[in-house]
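Engineer: What follows is a single structure, and I will ask about it in a moment.
The values are calculated or read from the model by the stated rules, or taken from the named source; none is laboratory data. Not measured: the values here are computed from a predicted model. Every residue, glycine as well, gets a Cβ built from its backbone with ideal geometry; the counts of neighbours run over all protein chains shown. Side chains are part of the model used for accessible areas, which takes the heavy atoms of the whole protein and leaves out ligands, DNA and RNA. Shrake-Rupley method; radii C 1.70, N 1.55, O 1.52, S 1.80 Å.
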Amino acid sequence: MTMKFNSHFNDINESYLFAEVAARTQTFRAANPESDIIKLGIGDVTLPLAPAVIAAMRSAVSEMSEKDTFRGYGPYEGYDFLRESIRGYYGSFGVKIAADEIFVSDGAKSDLGNILDIFSEGGTSLITDPVYPVYVDTNLMAGRKVIFADATEQNDFLPAPDYKVTADIIYICSPNNPTGAAYTLKGLQEWVDYANKTGAVILYDAAYESFISDGGLARSIFQIEGAETCAIEFCSFSKTAGFTGTRCGYTVIPKALEREGLNANKLWLRRQATKFNGVSYVVQRGAEAVFTAEGQKQIRENLAYYKRNARVIADGLDELGIKYTGGKNSPYIWLRCPDNAGSWQFFDLLLNGAQVVGTPGAGFGKNGEGYFRLTAFGSREDTVRAMQRIKKLL
Ligand code: MLT
């Protein structure tokens, strides 16, 4: 019998959005080797790991060098010391979760894709549009049907549930990538009520939670009454503490989340034990240090630095009279391309005219056409220079 590859890969774009942006940037660089390109495209951090994290990792490396303190395989679900620290962090904003509801991973992106292993085949996923492309791509790869909830200027990029629409999985990212919009506790309660009524499960991406500064916005879906019977939350140290290259995240699966006698927490543990061997001890010790008083102070300083970058971008756009959202409770600024330009057209304009790389909104879905995303994760110098160039160009 002839072997067949997964033909669902025909349903997704040939290249991943950020790979496409990188390839186009590389082509430009090859043609213009002298150019001084500033990258405000992919949301990759630029500040180094906090000193408290580095100290913890150094000490863990020393432990690994001694016979008595060396560690081999760790627990599939993560070391207790880190799960306890995460539990304490949730407690600091009033959310009660148990340590065995927390699963440490190598990042939210992997878990958001891998979680589909515990769902039945052939279902329908409801995904907001525009959206982080990973949700759509992983669903299509798995042969699931994808339907969209429109996030537009009309609904402040925060769609509410529509009881005429049914899906078994719902993806919500808040603060949102790419729009920067964030649900209030009340807005999120509507989704939780809807999921509990329809039996759907919400996959809640909280990777940007630490950027929230406005009161009344949801920091975790588990702040919402009833979420423990309908939601899974994904979080990450990437944007919060600069772990994009170090890799560490966590997923919270309440023990109360059950469907037809199957328990999501147990299924995920079983899945992880089979397909995952845990995050390295050194990295988990570094992640634990994020939750110490010193670690929190240091990472909050870094977050404030990025937020000031967002302000620099926002001020520049204000001067140009360009409409945008985000940047306040999020590291992303979502702007309307001037002169009704298309997203990729604006990408080319900025790259050729200002040597600034951003992310075309169209890459996040059909509602992203005509929009553009800039990230606040660059250095201050680059952010200031990029805005000076954009102001000159436009
Ligand atoms: C982004 O730029 O949207 C993010 O960096 C992507 C990610 O976190 O994987």
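Engineer: Among the residues of the range 216-251, what is the count of those that are of a type in the set (S, T, N, Q) and within 22 Å of LYS297 (Cβ to Cβ)? Steps first, please.
Structural biologist: If we filter the range 216-251 for residues that are of a type in the set (S, T, N, Q), which is where we start, we get 220, 223, 229, 236, 238, 240, 244, 246, 251.
So of that shortlist, the ones also within 22 Å of LYS297 (Cβ to Cβ) come out as 220, 236, 238, 240, 244, 246.
Selection size over the range 216-251: 6.
Engineer: Here is a follow-up. Tell me, yes or no, whether the range 155-162 has at least one residue that is farther than 27 Å from CYS337 by Cβ and either out of contact with any Pro (no Cβ under 6 Å at 6 or more places or on another chain) or not polar (S, T, N, Q) (or both).
Structural biologist: yes
Engineer: If ILE115 meets every condition in (1) aliphatic (A, V, I, L, M); (2) open to solvent by 30 Å² or more (accessible area, probe 1.4 Å); (3) within 16 Å of the ligand (Cβ to nearest atom) apart from one, which number is that one?
Structural biologist: ILE115 satisfies every listed condition except (2).
Engineer: Something else now. Under the condition of being under 25 Å from the mean Cα position of the chain (by Cα) and not in a helix (DSSP H, G or I), which residue from the range 1-23 is farthest from the ligand (Cβ to nearest atom)?
Structural biologist: GLU14
Engineer: Anything in the range 37-61 that is open to solvent by 70 Å² or more (accessible area, probe 1.4 Å), of a type outside the set (D, E, K, R) and closer than 20 Å to ALA386 by Cβ? List them, or say none. Outline the logic, then answer.
Structural biologist: First, the residues of the range 37-61 that are open to solvent by 70 Å² or more (accessible area, probe 1.4 Å): 39, 42, 44, 46, 48, 51, 58, 61.
Right, trim to of a type outside the set (D, E, K, R) and you get 42, 46, 48, 51, 61.
Within the range 37-61, ILE42, THR46 qualify.
Engineer: I'm checking my understanding of the structure. Among residues of the range 24-36 that are open to solvent by less than 50 Å² (accessible area, probe 1.4 Å) and assigned to a helix (DSSP H, G or I), which one is farthest from the ligand (Cβ to nearest atom)?
Structural biologist: So the residue we want is PHE28.
Engineer: Something else about it: Scan the range 37-61 for residues that are more than 16 Å from the ligand (Cβ to nearest atom) and more than 19 Å from GLY295 (Cβ to Cβ) and jot them down.
Structural biologist: So in the range 37-61, the residues more than 16 Å from the ligand (Cβ to nearest atom) come out as 37, 48-61.
Selection gives ILE37 alone.
Engineer: Kindly establish whether GLY143 is open to solvent by less than 60 Å² (accessible area, probe 1.4 Å), within 16 Å of the ligand (Cβ to nearest atom) and not assigned by TED's automatic domain parsing to the domain that holds CYS337.
Structural biologist: When the stated conditions are applied, GLY143 does not pass them.
Engineer: Looking at this structure, is ASP129 over 21 Å from ALA195 (Cα atoms), within 16 Å of the ligand (Cβ to nearest atom) and crowded, with 17+ Cβ neighbours inside 10 Å?
Structural biologist: Spelling it out, it is not the case that ASP129 is over 21 Å from ALA195 (Cα atoms), within 16 Å of the ligand (Cβ to nearest atom) and crowded, with 17+ Cβ neighbours inside 10 Å.
Engineer: Out of all the residues in the range 182-200, is one or more open to solvent by less than 10 Å² (accessible area, probe 1.4 Å) and within 16 Å of the ligand (Cβ to nearest atom)? Spell out the reasoning first.
Structural biologist: As a first pass, look at the range 182-200 and keep what is open to solvent by less than 10 Å² (accessible area, probe 1.4 Å): 188, 191-192, 194-195, 200.
Cutting the leftovers down to within 16 Å of the ligand (Cβ to nearest atom) gives us none.
Looking for residues that are open to solvent by less than 10 Å² (accessible area, probe 1.4 Å) and within 16 Å of the ligand (Cβ to nearest atom), one finds none in the range 182-200, hence no.
Here is a yes/no grid of residues against (1) open to solvent by less than 30 Å² (accessible area, probe 1.4 Å); (2) at pLDDT 95 or above; (3) away from the ligand (no atom under 16 Å from the Cβ); (4) not β-branched (Val, Ile, Thr):
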| position | (1), (2), (3), (4) |
| --- | --- |
| SER220 | yes, yes, yes, yes |
| THR229 | no, yes, yes, no |
| PHE237 | yes, yes, no, yes |
| ALA241 | yes, yes, no, yes |
| THR246 | no, yes, no, no |
| THR251 | yes, yes, no, no |
| LYS255 | no, yes, yes, yes |
| GLY261 | no, yes, yes, yes |
| ALA264 | yes, yes, yes, yes |
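Engineer: Scanning for something assigned by TED's automatic domain parsing to the domain that holds MET387, assigned to a loop (DSSP other than H, G, I, E, B) and within 29 Å of GLN296 (Cβ to Cβ), does the range 53-65 turn up at least one residue?
Structural biologist: Scanning the range 53-65, I find no residue that is assigned by TED's automatic domain parsing to the domain that holds MET387, assigned to a loop (DSSP other than H, G, I, E, B) and within 29 Å of GLN296 (Cβ to Cβ), so the answer is no.
Engineer: Give the range 204-219 a look and list any residue that's touching an Asp or Glu at 6+ places or on another chain (Cβ under 6 Å) and either part of a loop (DSSP other than H, G, I, E, B) or on the phi > 0 side of the Ramachandran plot (or both), or say none. Please lay out each step first, then the result.
Structural biologist: If we filter the range 204-219 for residues that are touching an Asp or Glu at 6+ places or on another chain (Cβ under 6 Å), which is where we start, we get 204, 206, 219.
Those that are touching an Asp or Glu at 6+ places or on another chain (Cβ under 6 Å) and either part of a loop (DSSP other than H, G, I, E, B) or on the phi > 0 side of the Ramachandran plot (or both): ALA206, ARG219.
Engineer: Still on this structure, please answer the following. I'm trying to understand the selection: among the residues of the range 73-94, which are over 14 Å from GLN284 (Cβ atoms), open to solvent by 50 Å² or more (accessible area, probe 1.4 Å) and part of a loop (DSSP other than H, G, I, E, B)? Talk me through it step by step, then tell me what you get.
Structural biologist: Of the range 73-94, the ones over 14 Å from GLN284 (Cβ atoms) are 87-94.
Next cut, open to solvent by 50 Å² or more (accessible area, probe 1.4 Å) only: 87, 92, 94.
Correct list: GLY94 only.
Engineer: Mind listing just one residue for me: the one in the range 166-181 that is open to solvent by 10 Å² or more (accessible area, probe 1.4 Å) and either at pLDDT below 95 or among the aliphatic types (A, V, I, L, M) (or both) and, of those, farthest from the ligand (Cβ to nearest atom)?
Structural biologist: Only one residue fits best here, namely THR166.
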